[in-house]
Amino acid sequence: MPYVGSPVRRREDRALLTGAGRFVDDIGLPRMLHLAVVRSTHAHARLGRIDTKEATALPGVAAVFTAADLPAPGPRIPPVPIVPGLDTVAHPLLADGIVRYVGEPIAAILASDRYTAEDAADRVRVAYDVLPAVVDPEGALAPEAPVLHAGRTSNLVFERTVSGGDPDAAFRSAAVVVEAVLEQPRLAAVPLECRGIVAAYDPRADRIEVWLSTQTPHGARDLIAEILEIPRDRVRVVAPDVGGGFGAKGSLYPEEVLAAYLVLRLRRPIKWVEDRIENLRVMTHGRGQRARVRAAAAQNGRILAVETDVLADLGAYCLSFTAGVPTLTPIVGLGAYRIEHVRYRVRGVATTTAPTGPYRGAGRPEAAYYIERIVDLVAARLGLDPVEVRRRNFIVAFPYASPTGLTYDSGNYPALLDRALALADYRHWREEQARRRRQGGHPVGIRISTWVEIAGGGELWESGAVRLEPSGQITVLTGSSPHGQGLATAFSQIAADALGVAPEDVAVVHGDTDAVPTGLGTYGSRSLSIGGSAVHLAAAQLRTGIIGVAARLLEAARAVSLAEVANAAPAGMDAALDFTMERMMVPSGAHVAVVEVDEETGEVDVLRYAAVDDCGRVVNPMLVEGQIHGSLAQGLAQALFERVVYAKDGQLLTGSLLDYAVPTAADFPEFSRDSLVSPSPLNPLGAKGIGESGTIGAPPALVNAVEDALRPRLAGRLDLPLLPDRIWQALRGGTR
């Protein structure tokens with residue numbers, strides 16, 4: 001039986017479950033110094049005197065650094081140059097005269113232990129000349145708003161418009177036009193392991209060695225080398241076990257580069273591990289968009305045009321991928337629907353808040369939320385079943401070229417919807433809803449969402465190599481860098497099938513820029529489809545070589561072991577390649593949510609949830625199941641609980657887990673799920689990606705369902721998150 005397609009148990013779990021994992025904070029080196037960061041207590045201020053005398057005098061403190069101690073002009077984190085002018089909002093390693101968000105690094109303390117370093121940080125005295133804060137992107141664009149960055153005339157960092165067809169003519173001819181203002185609050189990634197780095201100088205090789213909790217070790221290596229102005233072969237980055245990332249560990253941060261820089265200065269190892277309060281305050285937040293969405297439709301429910309205007313809150317600075325996230329939203333802005341006319345504008349705005357960045361889905365959950373909410377509004381305005389409206393607008397032939405510029409590779413959206421409706425027992429719940437409206441009881445709402453995403457984002461390649469060891473064992477080397485997805489298991493299955501061995505005979509090496517010289521990392525649902533395809537093709541290449549050597553050895557009808565083949569190959573045997581894909585894949589799915597709402601308290605109870613997803617060919621169903629469970633948990637959390645909140649003066653109000661409502665397992669319902677498969681023609685595995693399905697599909701399904709339950713009594717629309725007090729107020733005429 002082939003291993004690909006089988007639910008092989010995760011090989012990674014034994015070490016993690018028995019405490020044998022090795023994370024950044026487990027690494028200790030001789031003479032190591034610990035880094036603590038002095039952070040701004042104001043959202044916007046001009047820095048005065050920074051008094052470090054008391055901190056420097058504390059026993060155990062080795063050094064204190066401010067921006068004045070760094071090369072001028074101060075080193076900065078360069079953003080990916082998706083649009084011109086982003087360099088003017090690049091993040092300095094230490095604040096260079098002005099702070100622009102609460103928590104921005106001002107000074108670095110190095111001490112013999114963490115406790116001394118943090119005590120010393122408390123003794124640094126900073127004088128502030130407080131300036132006006134602006135935490136709302138609309139307010140940041142007001143004429144009277146303070147401009148945050150020198151050399152700019154406003155807080156508008158970039159503007160991009162995607163258009164196709166003739167939307168103006170479509171709106172003029174439409175039978176109905178619906179409009180809504182929709183909010184995507186900021187979210188915190190809250191990985192189990194906070195960020196961390198250990199950096200050391202190797203005098204023999206004259207280079208830096210870095211252990212970093214990251215999703216992109218090769219990208220981190222290259223950026224560290226660029227910022228420090230040294231050749232990249234003088235930087236080695238190792239990603240040990242990584243306790244979750246969810247996109248937020250795909251960026252490089254000031255503290256991480258600062259640690260590497262200070263290692264060069266002091267020639268002593270340095271460790272920095274953030275605490276949870278720092279993590280919630282300064283690790284990039286996700287989402288943070290507000291959109292005005294309009295749709296034009298014919299009387300039969302066919303959607304003619306969509307116009308969307310998005311304000312994206314970038315925060316105070318652009319880190320590596322800050323500006324890139326909102327530019328993904330228009331690409332999938334039309335969802336699973338064949339809509340001919342579109343105008344989609346995105347504006348990125350600077351505010352006095354922490355930078356935003358990728359968070360599970362990164363631009364695609366926002367797009368799905370906008371289009372799925374507006375499709376329901378079209379159905380409500382026309383008095384049609386929202387299921388039927390979707391059927392009338394689905395893309396049905398592939399490949400399909402969208403006016404947003406996206407080419408959809410494969411899919412079967414009607415079948416996904418049919419299966420999800422059957423799984424949720426849609427007819428039963430519609431009957432139950434009608435019964436309760438007649439006879440009383442807590443109202444029930446039933447709604448659906450269909451979703452698509454783009455998988456494989458960024459550069460569409462990944463490295464892979466497969467080596468036959470002298471022992472006959474197989475080693476896979478991959479540029480993908482997993483942080484909980486189980487990729488070592490999946491890659492061992494792929495290589496095992498190609499080479500006729502068992503997965504346990506395959507070792508998988510990743511996350512070390514010395515062992516694997518090139519790679520992109522793990523993000524954007526790309527690792528299995530692109531990284532796995534590189535492994536698949538390299539293994540097939542190696543198999544051809546093995547067969548050639550075996551044929552020379554045999555010369556008779558007998559068997560030969562892989563160890564014999566390896567020993568007969570004088571130069572060893574391996575195969576390496578970079579697999580490149582021509583365009584992004586488009587996974588898809590359909591979700592159905594059934595909810596009950598207590599009108600007296602505003603509490604939402606999810607009675608039934610069904611998810612049917614299409615991630616192309618499945619290599620390991622157990623891994624897919626885990627990805628869907630995790631993404632649904634985060635999608636439901638976004639819909640029902642989570643949001644980052646700032647006060648008007650820029651102080652973070654959700655700065656601890658007492659205030660930021662991360663739900664527990666008891667808060668989640670059971671859900672039913674199934675998969676349909678439409679293989680992607682873009683890679684040899686036929687895979688697409690599954691990691692973000694729940695974060696894309698769940699929020700619109702749940703918000704639409706709650707609105708459906710309360711529609712007779714709501715004067716307006718609800719928005720994210722569906723907190724009980726917001727529902728209670730909405731039912732009583734208050735703000736929503």
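So that you can scan it fast, the table gives a plain yes or no per residue for (1) surrounded by 24 or more Cβ atoms within 10 Å (Cβ to Cβ); (2) assigned to a loop (DSSP other than H, G, I, E, B):
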{"residue": "A220", "(1), (2)": "yes, no"}
{"residue": "L223", "(1), (2)": "no, no"}
{"residue": "P240", "(1), (2)": "no, yes"}
{"residue": "N300", "(1), (2)": "no, yes"}
{"residue": "T308", "(1), (2)": "yes, no"}
{"residue": "L314", "(1), (2)": "yes, no"}
Exercise. Would you check which residues across segment 650-674 are surrounded by fewer than 15 Cβ atoms within 10 Å (Cβ to Cβ), in contact with a strand residue (DSSP E or B) (Cβ under 9 Å, 6 or more places away or on another chain) and closer than 23 Å to G315 by Cα and list them?
Key: L653, D659
Quiz item: Which one is surrounded by the most Cβ atoms within 10 Å (Cβ to Cβ) among residues in segment 81-118 that are assigned to a loop (DSSP other than H, G, I, E, B) and among the hydroxyl-bearing types (S, T, Y)?
Solution: Y101
Quiz prompt | Candidates A551, A539, A515, A568 - the one that is crowded, with 23+ Cβ neighbours inside 10 Å and over 23 Å from E692 (Cβ atoms) | solution = A539
Quiz item: Looking at segment 420-437, is at least one residue at pLDDT 95 or above and either β-branched (V, I, T) or in the same structural domain as P358 (by TED's automatic domain parsing) (or both)?
Solution: no
Quiz item: Out of (1) assigned to a strand (DSSP E or B); (2) hydroxyl-bearing (S, T, Y); (3) closer than 25 Å to I374 by Cβ, what's the single condition that is false for S463?
Solution: (3)
Quiz item: Just wondering, is there one or more residues in segment 610-631 that are more than 29 Å from L328 (Cα to Cα) and touching a strand residue (DSSP E or B) at 6+ places or on another chain (Cβ under 9 Å)?
Solution: no
Quiz item: Taking segment 618-649 as the search range and keeping residues that are acidic (D, E) and assigned to a loop (DSSP other than H, G, I, E, B), which one is surrounded by the most Cβ atoms within 10 Å (Cβ to Cβ)?
Solution: E642
Exercise. Would you check if there is a residue in segment 510-527 being out of contact with any helix residue (DSSP H, G or I) (no Cβ under 8 Å at 6 or more places or on another chain) and outside any loop (DSSP other than H, G, I, E, B)?
Key: no
Quiz item: more than 20 Å from the chain's Cα centre (by Cα), modelled with pLDDT of 95 or more and assigned by TED's automatic domain parsing to the domain that holds Q299: does that describe A199?
Solution: no
Self-check item: Restricting segment 53-100 to residues that are acidic (D, E) and within 32 Å of the chain's Cα centre (by Cα), the residue that is nearest to F321 (Cα to Cα)
Solution: D87
Quiz item: Condition test on S449, is it among the small types (G, A, S), in a strand (DSSP E or B) and in contact (Cβ under 8 Å) with a residue 60 or more places away in the chain?
Solution: yes
Practice problem: Check E193, E255, E209, E179 and return the single one that is at pLDDT 95 or above, within 30 Å of A661 (Cα to Cα) and not in a loop (DSSP other than H, G, I, E, B). | Solution: E255
Exercise. Within segment 136-153, identify whether any single residue is among the hydroxyl-bearing types (S, T, Y) and surrounded by fewer than 17 Cβ atoms within 10 Å (Cβ to Cβ), and answer yes or no.
Key: yes
Quiz item: If you take the residues in segment 429-446 that are outside any strand (DSSP E or B) and touching a Lys or Arg at 6+ places or on another chain (Cβ under 9 Å), which one is farthest from N393 (Cα to Cα)?
Solution: G441
Quiz prompt | Checking P75 against (1) out of contact with any strand residue (DSSP E or B) (no Cβ under 8 Å at 6 or more places or on another chain); (2) closer than 22 Å to V210 by Cα, the condition it does not meet | solution = (1)
Quiz item: Among all residue pairs at least 6 apart or on different chains, which show Cβ distances below 6 Å where the first residue, located in segment 238-249, is outside the structural domain of Q634 (by TED's automatic domain parsing) and the second is of a type in the set (K, R)?
Solution: P240/R22; D241/R22; F246/R360; G247/R360
Self-check item: Number of the exception - P71 against (1) part of a loop (DSSP other than H, G, I, E, B); (2) crowded, with 17+ Cβ neighbours inside 10 Å
Solution: (2)
Exercise. Collect the residues in segment 709-736 that are in a loop (DSSP other than H, G, I, E, B) and modelled with pLDDT of 90 or more, keeping them in residue-number order.
Key: L720, P721, L722, L723
Quiz item: Tell me, which residue of segment 550-597 that is at pLDDT 95 or above and among the hydroxyl-bearing types (S, T, Y) is nearest to S672 (Cα to Cα)?
Solution: S588
Exercise. With the condition kept exactly as written, say whether any residue in segment 651-663 is touching a Lys or Arg at 6+ places or on another chain (Cβ under 7 Å), within 28 Å of M585 (Cβ to Cβ) and either touching a residue at least 60 places away in the same chain (Cβ under 8 Å) or of a type in the set (V, I, T) (or both).
Key: no
Quiz item: Only one of G519, G511, G532 is touching a Phe, Trp or Tyr at 6+ places or on another chain (Cβ under 8 Å), of a type outside the set (D, E, K, R) and modelled with pLDDT of 95 or more; which?
Solution: G532
Quiz prompt | The listed residue being touching a residue at least 12 places away in the same chain (Cβ under 8 Å) and surrounded by 21 or more Cβ atoms within 10 Å (Cβ to Cβ), out of V342, V387, V396 | solution = V342
Practice problem: Show the residue pairs that are 6+ apart or on different chains and have beta-carbon atoms under 6 Å apart, the first residue being within segment 57-83 and closer than 13 Å to Y261 by Cα, the second being surrounded by fewer than 17 Cβ atoms within 10 Å (Cβ to Cβ) and aromatic (F, W, Y). | Solution: none
Practice problem: Specify the residue that is surrounded by the most Cβ atoms within 10 Å (Cβ to Cβ); the eligible residues are those in segment 316-339 that are among the aromatic types (F, W, Y) and touching a strand residue (DSSP E or B) at 6+ places or on another chain (Cβ under 7 Å). | Solution: Y317
Practice problem: Go through segment 81-94 and give me each residue that's β-branched (V, I, T) and touching a Phe, Trp or Tyr at 6+ places or on another chain (Cβ under 6 Å). | Solution: V83, V89
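The values are calculated or read from the model by the stated rules, or taken from the named source; none is laboratory data. Owing to the predicted nature of the structure, the values given are computational and were not obtained by experimental measurement. As a convention, Cβ positions derive from the backbone with ideal geometry for all residues, glycine included, and neighbour counts pool all protein chains shown.
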